[in-house]
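Structure record follows, encoded as structure tokens.
The values are calculated or read from the model by the stated rules, or taken from the named source; none is laboratory data. Note that the coordinates shown come from a computational prediction; the quantities given were computed from them, not determined experimentally. Reconstructed Cβ throughout: ideal geometry from the backbone, glycine too, with neighbour counts over all protein chains shown. Only protein heavy atoms, including side chains, enter the accessible area calculation; ligands, DNA and RNA are left aside. Shrake-Rupley method; radii C 1.70, N 1.55, O 1.52, S 1.80 Å.
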Amino acid sequence: MAQGEVDTKKCGSALVSSLATGLKPRYHFAALEKTYYERLPYRNHIVLQENTQHATRFIALANVGNPEKKKEESACQFFFDLNERQGRKRSSTGRERKSPHPKQPRKPPQPPGPCWFCLASPEVEKHLVVNVGTHCYLALAKGGLSDDHVLILPIGHYQSVVELSAEVVEEVEKYKATLRRFFKSRGKRCILFERNYKSHHLQLQVIPVPLSRCATDDIKDAFITQAQEQQIELLEIPEHSDIKQIAQPGAAYFYVELDTGEKLFHRIKKNFPLQFGREVLASEAILNIPDKSDWRQCQISKEEEETLARRFRKDFEPFDFTLDD
């Protein structure tokens, strides 16, 4: 064992361990060993034998300003700065420097080349578009997990939710709320996820799951379990937190939003399985269609896509808020 490392088999407290087992906290912090240590979240129930419960995250903290500079960097994964002033420069007195020039509204960046999702682009398969708002639009997912698997996409070229302007975010939230009502009326709950990794245009995936298939806790547990199996650190974040408060523009990440408002987040550092979100939802525990985990294996003819798009437009019309504008 290297100098300075903690032998987890010899240190610790049986009393504290027993207390944690009984209380089942969502977060468990320790600082006695003066060393940073972070384990994968662990369950507080036996799968398929006990009722689903939340997971516990254990984090041991190093001293602030320790000479070895041990882990203060990853604390941002657990403590989220809700201050929107994050990233602005401060003067030597600690006061925030104000720019002499008022900030102008940022225009959507232009795609570096052909884009399959910018609505004005000739590459867009417009027969899949089922609803168009002021800043966003809905389209059926190509090779979807179900006939009503849709995408929320910005009309302009934005790479991720983090980069959206305020007015685009507002309409994204409006679409999310409307889709929840729409699917609820059809006996389904909708799960949303975004993978900002090896993608150039924001695609917010919206997948309906029949209420009869499973509970929200089952879906949450499936994501956490499969993440652990693949050594993916999927963290639960505050329900009312904004992804912009957690991830910086340009940072790679994956996040899931459940119908209860609960959110799971993973900061991608190296490689990430591109079909992870689909694989979890297609698994036996959720939709039980494992052969559809890859969209390329689910493609249908253009005529069939047009039929599904017409059906969705007709079904969605009573919920279409764009008709009120």
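At-a-glance table
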{"item": "Single residue of F312, F254 found to be under 22 Å from H149 (Cα atoms), assigned to a strand (DSSP E or B) and either of a type in the set (F, W, Y) or open to solvent by less than 70 Å² (accessible area, probe 1.4 Å) (or both)", "result": "F254"}
{"item": "The stretch 192-225, residues that are closer than 18 Å to K269 by Cα, open to solvent by 10 Å² or more (accessible area, probe 1.4 Å) and among the polar types (S, T, N, Q)", "result": "S199"}
{"item": "Enumeration of residues in the stretch 196-232 that are modelled with pLDDT under 90 and charged (D, E, K, R)", "result": "K198"}
{"item": "The lone exception for S293 - which of (1) of a type outside the set (A, V, I, L, M); (2) surrounded by 12 or more Cβ atoms within 10 Å (Cβ to Cβ); (3) farther than 15 Å from G144 by Cα it fails", "result": "(3)"}
{"item": "Members of the stretch 261-272 that are more than 20 Å from D218 (Cβ to Cβ) and open to solvent by less than 40 Å² (accessible area, probe 1.4 Å)", "result": "I268, F272"}
{"item": "Residue check, G277 surrounded by fewer than 17 Cβ atoms within 10 Å (Cβ to Cβ), out of contact with any Leu (no Cβ under 9 Å at 6 or more places or on another chain) and under 27 Å from A177 (Cα atoms)", "result": "no"}
{"item": "Criterion violated by F78 - all others in (1) open to solvent by less than 40 Å² (accessible area, probe 1.4 Å); (2) modelled with pLDDT under 85; (3) in contact with a Phe, Trp or Tyr (Cβ under 6 Å, 6 or more places away or on another chain) satisfied", "result": "(3)"}
{"item": "Within the stretch 7-40, tally of residues that are among the basic types (K, R) and at pLDDT 80 or above", "result": "1"}
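Matching residues to (1) outside the structural domain of I243 (by the TED database); (2) closer than 24 Å to G250 by Cα; (3) open to solvent by less than 30 Å² (accessible area, probe 1.4 Å):
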| site | (1), (2), (3) |
| --- | --- |
| S121 | yes, yes, yes |
| N131 | no, no, yes |
| H135 | no, yes, no |
| A139 | no, no, yes |
| G144 | no, no, yes |
| D147 | no, no, no |
| V150 | no, no, yes |
| L153 | no, yes, yes |
| G156 | no, yes, yes |
